[in-house]
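Take a look at the structure set out below.
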Amino acid sequence: MDQLARNTNMDIEKESTTFDYSKRAQWLRAAVLGANDGLVSTASLMMGVGAVKHDIKAMILSGFAGMVAGACSMAIGEFVSVYSQYDIEVAQMERNSGEIEKEKLPSPTQAAAASALAFSAGAIVPLLAAAFVKEYRVRIIAVLAAVTVALVVFGWLGAALGKAPVVRSSARVLFGGWFAMAVTFGLTKLIGLHGL
(Lines give C-alpha, C1' and ligand atoms only; values in the text may rest on other atoms or scores of the structure.)
Protein backbone atom coordinates (compact mmCIF):
# COMPACT_ATOMS: atom_id res chain seq x y z
CA MET A 1 0.00 0.00 0.00
CA ASP A 2 2.83 2.37 0.91
CA GLN A 3 4.59 1.61 -2.39
CA LEU A 4 1.37 2.41 -4.31
CA ALA A 5 1.07 5.80 -2.57
CA ARG A 6 4.69 6.63 -3.38
CA ASN A 7 4.22 5.68 -7.05
CA THR A 8 1.06 7.79 -7.24
CA ASN A 9 2.85 10.77 -5.65
CA MET A 10 5.74 10.36 -8.08
CA ASP A 11 3.31 10.27 -11.02
CA ILE A 12 1.55 13.42 -9.81
CA GLU A 13 4.92 15.11 -9.24
CA LYS A 14 6.10 14.09 -12.70
CA GLU A 15 2.89 15.41 -14.32
CA SER A 16 3.17 18.74 -12.51
CA THR A 17 6.79 19.26 -13.59
CA THR A 18 6.25 18.38 -17.25
CA PHE A 19 4.52 20.79 -19.54
CA ASP A 20 3.17 20.14 -23.00
CA TYR A 21 4.69 23.01 -24.99
CA SER A 22 2.64 22.11 -28.03
CA LYS A 23 -0.40 23.52 -26.20
CA ARG A 24 1.25 26.93 -26.41
CA ALA A 25 1.77 26.58 -30.14
CA GLN A 26 -1.45 28.15 -31.37
CA TRP A 27 -1.43 31.36 -29.33
CA LEU A 28 2.36 31.60 -29.50
CA ARG A 29 2.30 31.28 -33.28
CA ALA A 30 -0.37 33.95 -33.53
CA ALA A 31 1.44 36.38 -31.22
CA VAL A 32 4.86 35.93 -32.78
CA LEU A 33 3.42 35.97 -36.31
CA GLY A 34 1.43 39.13 -35.57
CA ALA A 35 4.33 41.00 -34.01
CA ASN A 36 6.80 39.82 -36.63
CA ASP A 37 4.37 40.67 -39.44
CA GLY A 38 3.82 44.16 -38.01
CA LEU A 39 7.55 44.68 -37.65
CA VAL A 40 8.59 43.39 -41.08
CA SER A 41 5.73 44.76 -43.17
CA THR A 42 5.86 48.24 -41.62
CA ALA A 43 9.66 48.41 -41.77
CA SER A 44 9.63 47.15 -45.37
CA LEU A 45 6.99 49.69 -46.34
CA MET A 46 8.97 52.49 -44.70
CA MET A 47 12.20 51.33 -46.35
CA GLY A 48 10.47 51.12 -49.72
CA VAL A 49 9.07 54.64 -49.46
CA GLY A 50 12.42 55.81 -48.09
CA ALA A 51 14.16 54.38 -51.14
CA VAL A 52 12.48 56.94 -53.42
CA LYS A 53 11.41 59.71 -51.05
CA HIS A 54 13.93 60.84 -48.46
CA ASP A 55 11.40 62.99 -46.61
CA ILE A 56 10.83 61.93 -42.98
CA LYS A 57 7.14 62.83 -43.18
CA ALA A 58 6.55 60.46 -46.11
CA MET A 59 8.34 57.63 -44.32
CA ILE A 60 6.46 58.10 -41.05
CA LEU A 61 3.07 58.49 -42.75
CA SER A 62 3.61 55.37 -44.84
CA GLY A 63 4.65 53.44 -41.73
CA PHE A 64 1.66 54.70 -39.76
CA ALA A 65 -0.75 53.85 -42.59
CA GLY A 66 0.84 50.41 -42.84
CA MET A 67 0.48 49.88 -39.11
CA VAL A 68 -3.21 50.84 -39.04
CA ALA A 69 -4.09 48.91 -42.21
CA GLY A 70 -2.13 45.86 -41.11
CA ALA A 71 -3.58 45.81 -37.58
CA CYS A 72 -7.11 46.09 -38.99
CA SER A 73 -6.44 43.39 -41.56
CA MET A 74 -4.95 41.03 -38.98
CA ALA A 75 -7.83 41.64 -36.56
CA ILE A 76 -10.51 41.05 -39.18
CA GLY A 77 -8.74 37.96 -40.53
CA GLU A 78 -8.33 36.52 -37.05
CA PHE A 79 -11.94 37.33 -36.13
CA VAL A 80 -13.31 35.57 -39.21
CA SER A 81 -10.99 32.59 -38.76
CA VAL A 82 -11.71 32.10 -35.06
CA TYR A 83 -15.45 32.65 -35.58
CA SER A 84 -15.42 29.84 -38.14
CA GLN A 85 -13.67 27.64 -35.57
CA TYR A 86 -16.24 28.74 -32.97
CA ASP A 87 -19.15 27.74 -35.25
CA ILE A 88 -17.60 24.34 -35.95
CA GLU A 89 -17.01 23.66 -32.26
CA VAL A 90 -20.58 24.71 -31.32
CA ALA A 91 -22.01 22.42 -33.99
CA GLN A 92 -19.82 19.55 -32.76
CA MET A 93 -20.91 20.10 -29.14
CA GLU A 94 -24.55 20.10 -30.20
CA ARG A 95 -24.05 16.84 -32.09
CA ASN A 96 -22.17 15.20 -29.22
CA SER A 97 -24.13 16.18 -26.14
CA GLY A 98 -26.66 18.82 -27.08
CA GLU A 99 -25.00 21.17 -24.59
CA ILE A 100 -22.76 24.10 -25.44
CA GLU A 101 -19.85 24.52 -23.04
CA LYS A 102 -19.04 28.21 -23.48
CA GLU A 103 -15.87 28.06 -21.38
CA LYS A 104 -14.32 25.66 -23.91
CA LEU A 105 -15.08 27.88 -26.92
CA PRO A 106 -12.57 30.28 -28.48
CA SER A 107 -13.28 34.01 -28.36
CA PRO A 108 -13.21 35.66 -31.81
CA THR A 109 -13.14 39.13 -30.23
CA GLN A 110 -10.20 38.33 -27.96
CA ALA A 111 -8.32 36.72 -30.83
CA ALA A 112 -8.93 39.76 -33.05
CA ALA A 113 -7.81 42.18 -30.34
CA ALA A 114 -4.70 40.12 -29.56
CA SER A 115 -3.79 39.92 -33.23
CA ALA A 116 -4.19 43.67 -33.77
CA LEU A 117 -2.22 44.41 -30.61
CA ALA A 118 0.61 42.05 -31.59
CA PHE A 119 0.81 43.56 -35.08
CA SER A 120 0.87 47.09 -33.66
CA ALA A 121 3.55 46.16 -31.10
CA GLY A 122 5.80 45.02 -33.91
CA ALA A 123 4.93 47.95 -36.19
CA ILE A 124 5.75 50.57 -33.60
CA VAL A 125 9.45 49.60 -33.57
CA PRO A 126 10.43 51.03 -36.99
CA LEU A 127 8.11 54.00 -36.49
CA LEU A 128 9.83 54.99 -33.26
CA ALA A 129 13.27 54.36 -34.74
CA ALA A 130 12.58 56.75 -37.63
CA ALA A 131 10.45 59.34 -35.87
CA PHE A 132 13.22 61.46 -34.39
CA VAL A 133 15.94 61.19 -37.03
CA LYS A 134 15.92 63.94 -39.66
CA GLU A 135 18.94 62.89 -41.71
CA TYR A 136 18.00 60.29 -44.34
CA ARG A 137 20.96 57.88 -44.13
CA VAL A 138 21.01 57.91 -40.34
CA ARG A 139 17.24 57.27 -40.33
CA ILE A 140 17.60 54.25 -42.62
CA ILE A 141 20.40 52.88 -40.41
CA ALA A 142 18.34 53.53 -37.25
CA VAL A 143 15.34 51.67 -38.68
CA LEU A 144 17.53 48.78 -39.84
CA ALA A 145 19.29 48.54 -36.45
CA ALA A 146 16.07 48.69 -34.41
CA VAL A 147 14.36 46.15 -36.65
CA THR A 148 17.38 43.83 -36.49
CA VAL A 149 17.32 43.84 -32.69
CA ALA A 150 13.55 43.30 -32.64
CA LEU A 151 13.75 40.43 -35.16
CA VAL A 152 16.36 38.65 -33.04
CA VAL A 153 14.27 39.22 -29.88
CA PHE A 154 11.08 37.93 -31.57
CA GLY A 155 12.93 34.87 -32.86
CA TRP A 156 14.46 34.23 -29.44
CA LEU A 157 11.14 34.76 -27.64
CA GLY A 158 9.25 32.39 -29.90
CA ALA A 159 11.91 29.72 -29.47
CA ALA A 160 12.24 30.19 -25.71
CA LEU A 161 8.50 30.03 -25.07
CA GLY A 162 8.17 26.97 -27.28
CA LYS A 163 11.38 25.33 -25.99
CA ALA A 164 12.76 25.18 -29.55
CA PRO A 165 16.33 25.82 -30.78
CA VAL A 166 16.99 29.54 -30.15
CA VAL A 167 19.77 30.22 -32.65
CA ARG A 168 17.97 28.59 -35.56
CA SER A 169 14.70 30.37 -34.79
CA SER A 170 16.36 33.77 -34.34
CA ALA A 171 18.39 33.37 -37.53
CA ARG A 172 15.31 32.36 -39.53
CA VAL A 173 13.32 35.36 -38.33
CA LEU A 174 16.28 37.75 -38.81
CA PHE A 175 17.18 36.67 -42.34
CA GLY A 176 13.53 36.55 -43.40
CA GLY A 177 13.00 40.11 -42.18
CA TRP A 178 16.18 41.38 -43.82
CA PHE A 179 15.19 39.71 -47.08
CA ALA A 180 11.74 41.34 -47.08
CA MET A 181 13.19 44.79 -46.39
CA ALA A 182 15.93 44.40 -49.01
CA VAL A 183 13.52 43.23 -51.72
CA THR A 184 11.07 46.04 -50.96
CA PHE A 185 13.81 48.67 -50.87
CA GLY A 186 15.46 47.38 -54.05
CA LEU A 187 12.33 46.98 -56.15
CA THR A 188 10.88 50.30 -55.05
CA LYS A 189 14.18 52.04 -55.78
CA LEU A 190 14.31 50.39 -59.22
CA ILE A 191 10.74 51.33 -60.10
CA GLY A 192 11.18 54.81 -58.64
CA LEU A 193 14.26 55.48 -60.72
CA HIS A 194 13.20 53.89 -63.99
CA GLY A 195 9.46 53.29 -63.91
CA LEU A 196 7.94 56.54 -62.73
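The values are calculated or read from the model by the stated rules, or taken from the named source; none is laboratory data. Please read these numbers as outputs of a predicted model, since none were measured by experiment. Virtual Cβ from ideal backbone geometry, glycine too; neighbours counted across all protein chains shown. Heads up: the accessible areas ignore ligands, DNA and RNA and are worked out on the full protein's heavy atoms, side chains in. Shrake-Rupley method; radii C 1.70, N 1.55, O 1.52, S 1.80 Å.
The table below lists the values:
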{"quantity": "Prolate/oblate/rounded call for segment 127-188, Cα gyration tensor, a/c under 1.5 rounded", "calculated": "oblate"}
{"quantity": "Burial order of peptide ranges 181-188, 124-131 (average beta-carbon count within 10 Å, highest first)", "calculated": "124-131, 181-188"}
{"quantity": "Segment 54-182, accessible surface, carbon-and-sulfur percent (1.4 angstrom probe)", "calculated": "70 percent"}
{"quantity": "Separation between Cα centres of segment 96-117 and segment 69-95, rounded to whole Å", "calculated": "8 Å"}
{"quantity": "Listed peptides 101-109, 144-152, 163-171 by packing density, highest first (mean Cβ within 10 Å)", "calculated": "144-152, 163-171, 101-109"}
{"quantity": "Along principal axes, Cα extents of segment 73-170, largest first, whole Å", "calculated": "64, 31, 15"}
{"quantity": "Segment 91-146 shape via C-alpha gyration tensor axes, a/c threshold 1.5", "calculated": "prolate"}
{"quantity": "Probe 1.4 Å, protein heavy atoms only - accessible area per residue of segment 43-196 in square angstrom", "calculated": "58 Å²"}
